[in-house]
1. Just for the range 45-76: of the residues that are aliphatic (A, V, I, L, M) and closer than 22 Å to P216 by Cβ, which one is surrounded by the most Cβ atoms within 10 Å (Cβ to Cβ)?
2. For the range 101-140, how many residues meet the condition of being touching a helix residue (DSSP H, G or I) at 6+ places or on another chain (Cβ under 9 Å), at pLDDT 90 or above, over 27 Å from G154 (Cα atoms) and not in a strand (DSSP E or B)?
3. For the range 82-109, enumerate the residues that are charged (D, E, K, R) and touching a residue at least 12 places away in the same chain (Cβ under 8 Å).
4. When only residues in the range 197-223 that are modelled with pLDDT under 95 and assigned to a loop (DSSP other than H, G, I, E, B) count, which is farthest from E147 (Cα to Cα)?
5. Hey, can you tell me all the residues within the range 55-85 that are over 22 Å from F164 (Cβ atoms), part of a helix (DSSP H, G or I) and more than 13 Å from the chain's Cα centre (by Cα)?
6. Please specify each residue of the range 132-154 satisfying the condition of being under 21 Å from S113 (Cβ atoms) and over 15 Å from the mean Cα position of the chain (by Cα).
7. Among the listed residues A23, A15, A79, which satisfies the condition of being open to solvent by 20 Å² or more (accessible area, probe 1.4 Å) and of a type outside the set (D, E)?
Amino acid sequence: MTHEFKTPIATISLATDSITNDAVIGSADKIKRFASIIKQENKRMLNQVEKVLQMARIDKQDFELKLTKVNVNEVVNQAVENARLKVVKREGIIDAKLLAANPYVEADLTHISNIVHNLLDNAEKYSGEKPEIKVSTQNSNKGVSIEIKDKGIGMTKESIKHIFDKFYRVHTGNRHDVKGFGLGLSYVKALVSAHHGTINVDSELGLGSTFTVFLPFVQEDRT
């Protein structure tokens, strides 16, 4: 789980360095923006602690979702803005197209936010020198889909079979700076399933990966 904590810590560090930059320190708007990022990422670290506890509960089938009306477009937009700092630092680009006309789903806001952040983290970490990440939302008859597409290192068919297994780490050749998917995607899969949703991955080695999460508008009978 270490990379789950290192990502928000790294983002906070970048935002702090930016605030003290001569080009930023005289701009109240820019300072406010970076302070907001620091606040959001600090909250995210607290959520990561909760994730560790939730994974233990998931293993025991002893957890309960706090269902509210969640705007998926807002969740995705916030996650993209937080991820943008790291992507731009690497001279990359990250774009979001929020095409879901009805973005509201019955869901647990904390977990949905963690799911999107986690997938964006992986898209950035497993990209080349200049990440190219595209994120979109769209509606189907029964819910909202979130697609996160990168042009990173991709995966073999064998890796795709196991990426949602707990503690599985994708082989990355000589990229020792990248820690594996590990518990992160296991968490994503478990919580998407808990929301009666689905997650699919399409990937090709050397060409990148596309993760698609579907969340239903309404949680049906959960008994």
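1. Checking each candidate, the answer is V76.
2. 2
3. K86, K89, R90, E91, D95, K97, E106, D108
4. Ranking the candidates gives T223 first.
5. N73, E74, L85
6. Q138, N139, G143, V144
7. A23
Yes or no, residue by residue, for (1) more than 17 Å from V188 (Cα to Cα); (2) in contact with a Gly (Cβ under 9 Å, 6 or more places away or on another chain):
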{"position": "D95", "(1), (2)": "yes, no"}
{"position": "A107", "(1), (2)": "no, yes"}
{"position": "N114", "(1), (2)": "no, no"}
{"position": "L120", "(1), (2)": "no, no"}
{"position": "P131", "(1), (2)": "yes, yes"}
{"position": "S136", "(1), (2)": "yes, no"}
{"position": "T156", "(1), (2)": "yes, no"}
{"position": "F164", "(1), (2)": "no, no"}
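The values are calculated or read from the model by the stated rules, or taken from the named source; none is laboratory data. The structure presented is a predicted model; accordingly, all values stated were derived computationally and were not measured. Here Cβ is always computed from backbone atoms with ideal geometry, including for glycine, and neighbour counts include all displayed protein chains. Areas reflect the complete protein model, heavy atoms only, side chains present, ligands, DNA and RNA absent. Shrake-Rupley method; radii C 1.70, N 1.55, O 1.52, S 1.80 Å.
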